[in-house]
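Below you'll find the structure, written out as structure tokens, and then a few comments.
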Amino acid sequence: MTPSNIPMEDFVAGFSPQGLPVRGRVIRLSEGTISPILKRHAYPDHLAEILGEAVMLSALVGSGMKFQGKVLAQAEGDGPTSMLVGEYTKTGGLRGYARHEPERWAWLDKVNKGGKPHMTQLFGATSLLGQIIVYNNTELKPYQGIVPLAKGSLAECAEDYFRQSEQVETRLRLAVKKDASGGWRAGGMMIQKIAGDEARGDTEEGWREAEALFSTLTLDELTDPALPATDLVYRLFHEGGVAMEPDAQVLDDVCTCNRERLVGTLQGMADESLREMVEPDGTLKVDCQFCSRTYTIGIEEVTSAAN
């Protein structure tokens with residue numbers, strides 16, 4: 001192992017158990033990433049947990065990309081939560097946002113007696129859509145993969161996605177926890193089967209061994225600040241040894257919103273619609289749903305008379 005190259009918090013890194021047909025990634029998030037993202041909007045605790053899981057999923061998928069771009073783990077529906085999105089950019093920025101109806105959420109919490117809702121409760125059973133969206137900065141169209149949201153947890157749904165859409169056997173654990181001070185911590189791990197070939201031979205037996213080891217991983221271990229991620233990976237796969245990739249990526253709470261892009265979007269709207277939005281002082285005030293930053297833009301900057 002090469003733990004000296006791996007940060008303690010707010011990072012994602014790859015690893016390879018020696019002697020097993022597996023590639024893996026591990027992620028740890030805390031004060032520099034997931035805590036401000038979740039505290040910014042004061043979501044109900046279980047919704048914050050699931051949003052944190054979506055943010056981790058986007059980073060675990062996106063950090064393995066060889067190109068510049070971004071990944072969104074996104075879900076929409078007609079349930080108490082109508083939209084949820086976690087986003088990772090290849091530069092290491094993370095952001096997340098969820099939209100929910102407080103009254104319907106309170107009812108769901110009462111029905112579940114405070115328990116964590118499953119996916120169909122969260123998004124509704126009739127209008128259910130989950131996606132993993134990959135944007136390559138050099139291509140015009142993103143890649144969109146549908147994620148069936150029929151399982152209890154986001155991790156289980158993602159495992160189905162990799163198996164069905166990517167034909168890659170995958171095991172995933174995601175954990176998000178609120179501490180006594182109101183801050184948030186998160187940790188996740190993903191392993192994927194490497195297919196057999198002439199050099200490796202059949203990899204099924206080795207994959208079953210890796211699955212058995214991975215099944216011992218607990219959610220508490222993933223968020224334990226006293227247990228570094230490198231030690232956790234080694235604890236799981238110590239028998240054959242494990243190599244951590246040296247290029248661990250530091251992650252940060254970074255929103256991609258900016259004034260120039262917003263002005264361009266507003267300029268594409270009809271003048272009549274813009275004037276309905278204008279404040280008494282002649283400006284448009286637009287909030288970023290992700291970071292809650294408020295942009296103040298003069299109506300003359302975006303109407304057709306200004307172009």
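The values are calculated or read from the model by the stated rules, or taken from the named source; none is laboratory data. Keep in mind it's a predicted model, so treat the numbers as computed, not measured. Glycine also receives a Cβ, built like all others from the backbone with ideal geometry; neighbour counts cover every protein chain displayed.
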Just wondering, is there one or more residues in region 139-162 that are surrounded by 22 or more Cβ atoms within 10 Å (Cβ to Cβ), touching a helix residue (DSSP H, G or I) at 6+ places or on another chain (Cβ under 7 Å) and of a type in the set (Ser, Thr, Tyr)? no
If the requirement is being in contact with a Pro (Cβ under 8 Å, 6 or more places away or on another chain) and not aliphatic (A, V, I, L, M), which of these qualifies: Glu87, Glu101, Glu49? Glu101
Going by what's in this entry, would Ala248 be described as under 21 Å from Gln18 (Cβ atoms) and of a type in the set (A, V, I, L, M)? yes
Single residue of region 160-182 satisfying the filter (more than 18 Å from the chain's Cα centre (by Cα) and of a type in the set (Gly, Ala, Ser)) that is farthest from Leu251 (Cα to Cα): Ser165
Kindly indicate whether Leu108 is under 30 Å from Gln249 (Cβ atoms) and either part of a helix (DSSP H, G or I) or touching a residue at least 24 places away in the same chain (Cβ under 8 Å) (or both). no
Out of the residues in region 121-138 that are part of a loop (DSSP other than H, G, I, E, B) and modelled with pLDDT under 75, state the one that is surrounded by the most Cβ atoms within 10 Å (Cβ to Cβ). Ala125
Find the residue count for region 94-120, including only residues that are farther than 24 Å from Ile34 by Cα, crowded, with 16+ Cβ neighbours inside 10 Å and not aliphatic (A, V, I, L, M). 1
Within region 16-41, track down each residue that is closer than 22 Å to Val233 by Cα and among the aliphatic types (A, V, I, L, M). Leu20, Val22, Val26, Ile27, Leu29, Ile34
Counted residues, region 1-52 - those being within 19 Å of the chain's Cα centre (by Cα) and either surrounded by fewer than 18 Cβ atoms within 10 Å (Cβ to Cβ) or in a loop (DSSP other than H, G, I, E, B) (or both): 14
Of all residues in region 142-168 being within 18 Å of Ser58 (Cα to Cα) and among the charged types (D, E, K, R), which is modelled with the lowest pLDDT? Glu166
